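The values are calculated or read from the model by the stated rules, or taken from the named source; none is laboratory data. Here the structure is a predicted model, which means the values were calculated and not measured. We place every Cβ from the backbone using ideal geometry, glycine too, and count neighbours over all the protein chains shown.
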Amino acid sequence: MDVLNALVAFANFVLIPGTAYGAQLALGALGVTLIYGILRFSNFAHGDTMAFGTMFVILVTWGFQSAGISAGPVPTALLALPFGIAACALFLLATDKVVYKFYRRERVKPVVFVMVSLGVMFVMNGLVRLIIGPGDQRFADGERFIIAVRDFREMTGLREGLAIKTTQGITVITAVIVVALLFWFLNKTRTGKSMRAFSDNEDLALLSGINPERVVMYTWLIVAALATIAGTLYGLDKSFKPFTYFQLLLPIFAAAIVGGLGNPLGAIAGGFVIAFSEVLITYAYKKVFGYILPEALQPDGLAQLLSTDYKFAVSFVILIAVLLFKPTGLFKGQSV
Amino acid sequence: MKKLLLATTATALMAGAAFADGHAKEVKLGIILGFTGPIESITPMMADGAELAMKEVSDSGMLLDGAKVTPVRADSTCVDAAAATAAAERLITSDGVKGIMGADCSGVTGAILANVALPNGVVMISPSATSPGLSTAEDDGLFFRTAPSDARQGVVMTEVLMEQGIKSVAVTYTNNDYGKGLADAFQAAFEEAGGEVTISASHEDGKADYSAEVGALAAAGGDRLVVAGYVDQGGSGIVRAALDTGAFDTFHFPDGMISAKLVENFGSEIDGSTGQHPGTDSPGAAKFAEMAGDAFDATSPFSPESYDAAALIMLAMQAAGSMESSDYKAKVMEVANAPGEQIFPGELAKALEILKNGGDIDYVGASAVELIGPGESAGNYREVMYEGGEEKTAKYR
């Protein structure tokens, strides 16, 4: 019984929140890594792209809610998702045409591209604040919990409770589906293969007749979908606030780099590494040890490796360690 | 050359004397508040409160034999110490104010006190700076506040929790001067009263994810979670995550969390929680609201305290018979506290009359002012509880 209690406490405070956060980071990092692999620059505007797509999802969700359309137990925002992706894709394609295309034709250095994306970031930042405002927006509806703490305790008779939020469940399921689709697309379809060819060797790809503009267009479309889905899932699970999305950029880049920039598998692994390192190292294990260790061995203190103040330091220490010892990341991406 | 110098000095002196004479009937008071910045939504009502007191005194014609009081506003920005210092410098050197009603936020208040008020020897009374650090700041007897120190709030929180039989709590605070000061003050008071703080961990505002923080808080355990944060910021994120994971069912909220937004966010989920924020049921508050009428919202936070801060400066001047800070600074505590006749808002003329005739007053004002220790409000708090998804007043203490 005690072992079960320990497991449940661990799952409730580490495993489940960490998995959901990891999935959100992984989806964000996938977008960053695709742009790096195919368009060959670090897109600083990614956090705000997520905010931009999510904003449209929220606006459409509000429209649905006032029109009385709902998705039953799951959040209405899932119905609005395709509209948000479409709007975000249109915006990204327009940005590419107006801004990035020029620099691509000039064949500028990657660092120039990074600076350009910084400019795009500020513009998107401002647009989002102008349209929906800088404050918190809540748009989650439907059932809040798959399993609530109280129900779980009654069901099992355990002392520890376990909660799984609907949004956490949806996050993980959606992430799995999206990743499966993405890998199928990249590995099995003609367009996906041409994208990978373009990523591996641009000149060779051009020689074999791959249309670069087409590859670029598909990349932006996929990035728009990934960013909007990641942003919406994150907003459903926590809350939507433009500033928080801007701050998400740091853990997302950390995830992409740890996994290996340009490598989709690495982005997913990186997302979970970053999420779990934040939670695992700063978790106080007092309760868990209290259940499984004999009384004599139980810790007096909190059994916490690092105070939560340092949770960001943890992910960056991992980032630095990876860059020092394996500059291409865990999964052999391109070196930074 | 020597003669010329002498002549110039003499002229300047005479001009200065004439100038002073001509303006003997005018007293300028500075109002320095964050009219831009994080608390810009409440500062206009604070300034209105202070100006109401000044108008009342001017209209009575009793201050120092008929002096008029003119307010001069300046922007403290709440966060930018350099800008606040420059604004205060301007008030004193170019506008020639005789006292300062302000500043508002603890950080800029400390900066103005150390860099401007102290070197120039000008009295300042803050209506809203609550950091315990200001209690021990060097002030030459020039600094007072009509807001209580958060050290006092820590004691009140302890009393509320102890009365409910809560002996063990976890604390999380927003990582800034306010959060840290309040959390430390509370921990000291709570442990002295025999309670146990299982963990005191900070959280950053506006962050992506709070599961690590809530995980640590839950592992440490405790009967209740004290959230010394902001309702618009990380505080609500922590409460949300704690409720969702079942880490804590009930909370205790200090002043930064008490707001209509809290009830809107969580409704009946926080039933059984408690909290407190500065407030009073003294008749002064109602009189103040009546005087303000439709001109401004007199229940806005720190608006009554601002009225009281301005009133205290003018009453102290009257008691000292002088508008110079060095003369009247010693009188502030005297007029604020017993013995003497109790003075409520709207009775400033009566108070000035009593003081003129050499009598004693005990200024109560809009916020039940009682200055203690190094010249700060003893502090009255409104204890709130959450029941059926609503915020209710438990009592005043």
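Overview of results
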item	result
Hits in region A:267-326 (condition: acidic (Asp, Glu), at the interface with another protein chain (Cβ under 10 Å from one of its Cβ atoms) and without any contact (Cβ under 8 Å) to a residue 24 or more places away in the chain)	A:ASP309
B:CYS78 being buried (at least 23 other Cβ atoms within 10 Å of the Cβ), hydrophobic (A, V, I, L, M, F, W, C) and at positive phi	yes
Condition check for A:ILE210: more than 25 Å from the chain's Cα centre (by Cα) and either free of Cβ contacts under 8 Å to residues at least 40 places away in the same chain or outside any helix (DSSP H, G or I) (or both)	yes
Helices (runs of 4 or more DSSP H) fully within region A:1-79 counting 3 or more residues that are aromatic (Phe, Trp, Tyr)	A:46-67
Count of residues meeting criterion [within 14 Å of another protein chain (Cβ to nearest Cβ) and among the hydroxyl-bearing types (Ser, Thr, Tyr)] in region A:1-48	2
Residues of region A:247-266 that turn out to be closer than 16 Å to A:LEU319 by Cα, within 14 Å of chain B (Cβ to nearest Cβ) and either of a type in the set (S, T, N, Q) or touching a Gly at 6+ places or on another chain (Cβ under 6 Å) (or both), as a count	4
Residues being buried (at least 19 other Cβ atoms within 10 Å of the Cβ) and away from chain A (no Cβ under 14 Å) - total across region B:187-222	4
Index of the failed condition, B:GLU290 passing every other in (1) crowded, with 19+ Cβ neighbours inside 10 Å; (2) outside the structural domain of B:LYS207 (by TED's automatic domain parsing)	(1)
Complete set of residues in region B:344-369 that are within 26 Å of the chain's Cα centre (by Cα) and small (Gly, Ala, Ser)	B:GLY346, B:ALA349, B:ALA351, B:GLY365, B:ALA366, B:SER367, B:ALA368
Region A:117-137 residues that are within 14 Å of chain B (Cβ to nearest Cβ), paired with ones that are crowded, with 17+ Cβ neighbours inside 10 Å and among the basic types (Lys, Arg) (beta carbon under 8 Å, 6 or more apart)	A:PRO134/A:LYS241; A:GLY135/A:LYS241; A:ASP136/A:LYS241; A:GLN137/A:LYS241
Leading residue by the ranking (surrounded by the fewest Cβ atoms within 10 Å (Cβ to Cβ)) among those in region B:106-165 that are among the acidic types (Asp, Glu) and not in a helix (DSSP H, G or I)	B:GLU138
Flag if B:PHE288 is aromatic (Phe, Trp, Tyr) and farther than 21 Å from B:ARG145 by Cα	no
Top-ranked residue of region B:223-263 - restricted to ones that are of a type in the set (Asp, Glu) and within 10 Å of chain A (Cβ to nearest Cβ), ranked as nearest to the chain's Cα centre (by Cα)	B:ASP232
Matching entry among B:GLY346, B:GLY359 (being of a type outside the set (Val, Ile, Thr), farther than 27 Å from B:ASN120 by Cβ, touching a Lys or Arg at 6+ places or on another chain (Cβ under 8 Å) and surrounded by fewer than 17 Cβ atoms within 10 Å (Cβ to Cβ))	B:GLY346
Flag if A:PHE243 is without any contact (Cβ under 8 Å) to a residue 24 or more places away in the chain and more than 15 Å from the chain's Cα centre (by Cα)	no
Pick from region B:374-397, criterion surrounded by 14 or more Cβ atoms within 10 Å (Cβ to Cβ) and at positive phi, ranking: nearest to the chain's Cα centre (by Cα)	B:GLY379
Among (1) more than 21 Å from A:SER277 (Cβ to Cβ); (2) modelled with pLDDT under 85 - the single one B:LYS207 does not satisfy	(1)
